[in-house]
Amino acid sequence: MENKALKIVVLIKHVPDAEFDRHLTGPSHTVDRSTSILSELDEYPLEAALQLVEAHGGAKKAGHQVIAVTMGPDQASAAVKKALQIGAHEGVHLSDEALAGSDAAATSLALAAVVKQIGDVDLVMAGMASTDGETSLVPAQLAERLQLPQVTFASELELQDEGGTYRIRARRDGDTHSDTIESALPAVVSVTDQINEPRYPNFKGIMAAKKKPLTTFSLADIGLETADVGFDGSWTRVESAAARPPRSHGTIITDEGDAGKQLVDFLEQQKLV
């Protein structure tokens, strides 16, 4: 029996560039996203999805699809375009002013609605965390909202062909041991940055991306109200914020023949020896 074509959704995020200092802005203390890029940690699930598709017949031959999905303001479409250049076959951008200020709970609600809107999704993949919030909460919350099994922090991933159906097989590495987990599809999977080496977009991929579909949804398109997301729909909010205090000067030891003793004395005072 021939397997059905896979539809894999990869969640990606437009985040502040880590090369620059991060700042909070406005009375609601939201992250300044004026200088943002595709999250580096989201390139790993994208690469993993592309490898799964390529290992099982590819897009042209087997009809498999990798769909990059993001939510955010207009400029977040740049993250989707980068994913299309890398190799995703389609892009979806959830864009609505009411989304501003959404925490992990509101984000997972919105993304679950997008996945349902896309329909017939076999696998939802995400990175181990976003490089701005770093909560690692969204994949598990999304799995709960979609009522799907979840496999988190996978460092190795493969699809097992069972003659008409697929199962996902993952390895999770702990401090002292590794676990191997299997699940039927559909499922939600998050992967670590140890799973692969993401590919770079080449000239052919950049040109091909211009012809790939990029669909934009609003909240109305996915059946949500403005009160469901943003600050109103969030479970948490930042009440106050303060700039990090400047680092104090360290202890300077002047070597007058007893620098070694001064260093040991200092370490003893700090209870480090």
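The values are calculated or read from the model by the stated rules, or taken from the named source; none is laboratory data. Just so you know, these numbers come straight off a predicted model, no measurement behind them. Heads up, the Cβs are rebuilt from the backbone with ideal geometry, glycines too, and the neighbour counts pull from every protein chain shown. All accessible areas refer to the heavy atoms of the entire protein, side chains included, with ligands and DNA or RNA removed. Shrake-Rupley method; radii C 1.70, N 1.55, O 1.52, S 1.80 Å.
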Having 3 or more residues that are within 19 Å of residue 200 (Cβ to Cβ) is the bar; report the helices (runs of 4 or more DSSP H) wholly within region 44-143 that clear it. 77-86
When region 244-266 is examined, which residues are found to be open to solvent by 90 Å² or more (accessible area, probe 1.4 Å) and in a loop (DSSP other than H, G, I, E, B)? 244, 245, 246, 247, 248, 249, 251, 252, 255, 256
Unmet requirement for residue 127, which otherwise passes all of (1) open to solvent by less than 40 Å² (accessible area, probe 1.4 Å); (2) in contact with a Phe, Trp or Tyr (Cβ under 7 Å, 6 or more places away or on another chain); (3) at pLDDT below 90: (3)
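For (1) more than 20 Å from residue 5 (Cβ to Cβ); (2) open to solvent by less than 50 Å² (accessible area, probe 1.4 Å), each residue gets a yes or a no:
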position: 67; (1), (2): no, yes
position: 70; (1), (2): yes, yes
position: 75; (1), (2): yes, no
position: 83; (1), (2): no, yes
position: 92; (1), (2): no, yes
position: 95; (1), (2): yes, yes
position: 103; (1), (2): yes, yes
position: 106; (1), (2): yes, yes
